[in-house]
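Participant: Submitted below is the structure of interest, expressed as structure tokens.
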Amino acid sequence: MKNIQLKQILTTILLGMTNALPLAVLAQTYPAKPVRMVVPFPAGGGVDVTARILAQRLTDRVGQSFIVENRAGASGIIGTEFVAKAAPDGYTLLVGSQTTQCVVPAIYKANYNPARDFAPITEIAKSPMLLLVHPTLPVKTAGDLVKLAKSKPGELTFGAAPGATIHMAAELFKIMAKIDMRLIPYKGEGPAIVDVMGGQVLLMFSNIPVSLPQVKTGRLRVVAVTSAQRVATLPEVPTIAESGLPGYEAATWFGFFGPAALPRDIVNKLNADAVAGLTPPEVKERLAGQGYFVVASAVEPFTAFVNAEIPRWAKVVKEANVKPE
């Protein structure tokens, strides 16, 4: 009886070692073929530009091609779902964002769970937003805007694509300031900026790369930045937090993810290669030129960050009563 039990134990151990062997070998030889980096948005946008910079750095460092593939549609759902259901072998990865991982799943019926279906690898970069007003609006600070909005409930208008990061920044501002402003919906950030410059809409939140040229020409007035600290490109502009709403912070961020069951050895290798590729000064300068600041975080801090962001923005969606378009 003892001999039979011993044989069963040894067989179980050997089977476990056999099953684990392919993953161990995979991690040691990875990547052995080109890697697909899915961007769930059209080419040319912030996620796409950032992904292509990272892909080139990984290709140069690893000696194997990292190829960006745009799978746009349904507010990022199509490409994000594709990666969630992909084989967890490291050859299909996602460059996602606050929109795909936090906001869209809280608004739409997406066939993926952002907390369960992905293995976070690293936060690539982030960019604060600007709170902008038409130059004729009699406000110079975020505090001024709050006072004006409270004196005219529901009368001030802001532009944004519903569900976009700039929309969520505005809704968070409204919630924390306890004010009522009216959303004028747009299909993109560009058309909203045109109407704010023209005075058809009074204000908006905007990503720095998109709106900074208009700020510099005086066609838009920036009254605050959405980050926790002031930004080097506009050091004279205060944060919303220091303008009367302590704790306010919002940013556009991009992250690198794999499918949930991606082996930890591959996650660690991708993290190390991505961080090494993103941190040289010339790469930071290149991304800064696009309006983004390199983060290049370790796996654990990025995982904790994403796990905190998901419920945070889901709460904003719920409190703001954001509905599918």
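The values are calculated or read from the model by the stated rules, or taken from the named source; none is laboratory data. Being a predicted model, the structure only gives us computed values, none of them experimental. Cβ atoms come from the backbone with ideal geometry, glycine included; neighbour counts cover every protein chain shown. Note: accessible area is taken over every heavy atom of the protein model, side chains too, but ligands, DNA and RNA are not part of it. Shrake-Rupley method; radii C 1.70, N 1.55, O 1.52, S 1.80 Å.
Participant: Gain in length, T233 to V194, computed as 0.36 nm per residue apart minus the alpha-carbon separation, to one decimal in nm?
Facilitator: Roughly 11.8 nm would be gained on extension.
Participant: Please calculate the 1.4 Å probe accessible area of E309, with all protein chains present, and give it to the nearest 10 Å².
Facilitator: Surface open to solvent at E309 totals about 20 Å².
Participant: Next question. How large is the convex hull of the Cα atoms of the range 50-117 per residue, expressed in Å³ as a whole number?
Facilitator: It is 90 Å³ per residue.
Participant: In addition: Show me the ranking of peptides 166-178, 189-201 by mean Cβ neighbours inside 10 Å, starting with the highest.
Facilitator: 166-178, 189-201
Participant: I'd like the antiparallel share, as a percent to the nearest 5, of DSSP beta bridges with both residues in the chain.
Facilitator: Antiparallel bridges: around 65 percent, rounded to the nearest 5.
Participant: Accessible surface of T157 in the full protein assembly, 1.4 angstrom probe, to the nearest 10 Å²?
Facilitator: Spelled out: T157, probe radius 1.4 Å, area about 10 Å².
Participant: Tell me the per residue accessible area of the chain using a 1.4 Å probe; a whole number in Å² is fine.
Facilitator: 46
Participant: Which number gives the lysine pairs in the range 106-206 that have C-alpha atoms under 21 Å apart and are eight or more places apart or on different chains?
Facilitator: Summing the qualifying lysine pairs gives 11.
Participant: Also: Given the convex hull of the Cα atoms of the chain, what is a quarter of its surface area in nm²?
Facilitator: 19.2
Participant: Once R0 is set to 51 Å, what does the formula 1/(1 + (r/R0)^6) return for the Cβ-Cβ distance between E69 and E155, expressed as a FRET efficiency to the nearest 0.05?
Facilitator: The calculated FRET efficiency here is 0.65.
Participant: Right, something else. Take the solvent-accessible surface of the protein heavy atoms, probe 1.4 Å, and return the percent of it on the range 92-166 that carbon and sulfur atoms account for.
Facilitator: 51
Participant: What is the spin-label model distance, in nm, from A304 to A276 if the labels are put 7 Å beyond Cα along the C-beta direction?
Facilitator: About 2.6 nm separates the two model spin labels.
Participant: From the gyration tensor of the Cα coordinates in the range 169-230, what semi-axes in whole Å does the equivalent ellipsoid have, largest first, with each one equal to sqrt(5λ)?
Facilitator: The answer is 19, 16, 10 Å, longest axis first.
Participant: Still on this structure, please answer the following. State the percentage of accessible surface on the range 183-233 attributable to carbon and sulfur atoms; use a 1.4 Å probe and exclude ligands, DNA and RNA.
Facilitator: The nonpolar share, carbon plus sulfur, comes to 56 percent.
Participant: Order K147, K33 by their accessible area, 1.4 angstrom probe, all chains in place, largest first.
Facilitator: Largest accessible area first, the list is K147, K33.
Participant: If I ignore ligands, DNA and RNA and count only protein heavy atoms, how much of D265 is accessible to a 1.4 Å probe, in Å² to the nearest 10?
Facilitator: Roughly 100 Å² of D265 is accessible to a 1.4 Å probe.
Participant: Tell me, what does the Kirkwood hydrodynamic radius of the range 65-197 come to in angstroms if you use every pair of distinct C-alpha atoms?
Facilitator: Roughly 17.2 Å, rounded to one decimal.
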